[in-house]
Amino acid sequence: MRRPGAECRARAGGSGYWQTSTILHAPGELMKIGIIGAGNIGGNLTRRLTALGHDVSVANSRGPHTLTALTEETGATAVEVADAARGADVVVVTIPLKNVPDLPADLFAGAAPGFVVIDTGNYYPRQRDGRIPGIEDEGLTESRWTERHLGHPVVKAFNGTYAQDLLDRPRAAGDPDRMALPVAGDDEAAKKTVRALIEELGFDTVDAGGLDDSWRQQPGTPVYGLQAGADAVTRALAEASPERPADFRG
């Protein structure tokens, strides 16, 4: 079941702006989730989300036949990238940033009404992605750049999380050792859905602001890779500098 109400955004006339129409999901509600990318983060999210009872489809660039071990382990369904968002309430895009422009133009055509997109991506110009002018020259945050290519609002989450922590570090609410993850996005309803999902996974969350503020959680910032609670994450976000560290400039 879905609880109607709040707002997500559907692209309006190619203008770069979105009209709101998100469906707000109740905490703990079972959802259909599409995961694009089966690397460390994508694979472990598949493991955790299926264990929680969600209906998970997972895709990678090499095709469903390469995901047999993961699907046999988890019960997830392996699909082609073009089908990963079909019927999905939440779509997780967890692929190298340089590959985002190669995703199908109609990727979200069959997604559920009011679907939410989670972007876990990071820009590694020297190590992997090469120089991306939109980020380097226009000053776009990494997730704003991704959002423009996807044509749908995104919520930035999991980008600074160690993949193994998804398996090893979940804790019950109120546990003093419970980690917190920053979450950034412009759509408050979409952000609430993502925060509820993260909390279901066993982590607290901290609202890191809108997508133009998401530089605070990009690689090289104090919160990136931080394994700490909500107070420390909040302080780390506040201490971030808008200047991109040299190691993460192309």
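Remarks
- Shape descriptor for the stretch 56-109: Rg over Rh equals 0.95 (Cα atoms; Rh from the Kirkwood inverse mean 1/r).
- Pair-distance profile P(r), taking every C-alpha pair of the stretch 93-219, with 10 angstrom steps and integer %: 12, 42, 34, 11, 1
- Across the accessible surface of the chain, with the other protein chains kept in place and a 1.4 Å probe, carbon and sulfur atoms take up 48 percent.
- DSSP beta bridge pairing in the chain, given as percent antiparallel to the nearest 5: 20
- Eigenvalues of the alpha-carbon gyration tensor of the chain, scaled by 5 and square-rooted, set the equivalent ellipsoid semi-axes at 24, 22, 19 angstrom, largest first.
- For the stretch 157-208, pairs of C-alpha atoms spaced more than 18 angstrom apart make up 25 percent of the total.
- As a size descriptor, the averaged projected area of the C-alpha convex hull of the stretch 56-157 was calculated at 6.8 nm².
- Computed from phi, the 3J(HN,Hα) profile of the stretch 184-195 under the Karplus parametrisation 6.51, -1.76, 1.60 (θ = phi - 60°) reads 10, x, 8, 8, 5, 5, 4, 5, 4, 4, 5, 5 Hz, with x in place of Gly and Pro.
- Accessible surface for the stretch 110-250, divided over its residues, is 40 Å² per residue with a 1.4 Å probe.
- Packing-based ranking, highest mean first, of 182-193, 73-84 given that Cβ atoms within 10 Å are counted: 182-193, 73-84
- Spatial extent of the stretch 178-250: Rg and Dmax, with the Cα atoms as the point set, Å: 12.3, 37
- Table column - 3J(HN,Hα) (Hz), the stretch 133-150, Karplus curve with 6.51, -1.76, 1.60, x for Gly and Pro: x, x, 7, 6, 9, 8, x, 5, 5, 4, 6, 5, 4, 5, 4, 4, 6, 6
- For the chain, averaging the sequence separation of C-alpha pairs within contact (under 8 Å, six or more residues apart) and dividing by the residue count gives a relative contact order of 18 percent.
- Calculated [222 nm] ellipticity per residue, helices only, for the chain: -7000 deg cm²/dmol; basis is -39500 (n - 2.57) per DSSP H run with n ≥ 4, divided by all residues, nearest 500.
- Counting all C-alpha pairs of the stretch 20-93, share separated by more than 20 Å (%): 23
The values are calculated or read from the model by the stated rules, or taken from the named source; none is laboratory data. Note that the coordinates shown come from a computational prediction; the quantities given were computed from them, not determined experimentally. With ideal geometry, Cβ positions are generated from the backbone for all residues, glycine too; neighbour counts draw on all protein chains shown. These area figures cover heavy atoms from the full protein model, side chains too; ligands, DNA and RNA do not enter into them. Shrake-Rupley method; radii C 1.70, N 1.55, O 1.52, S 1.80 Å.
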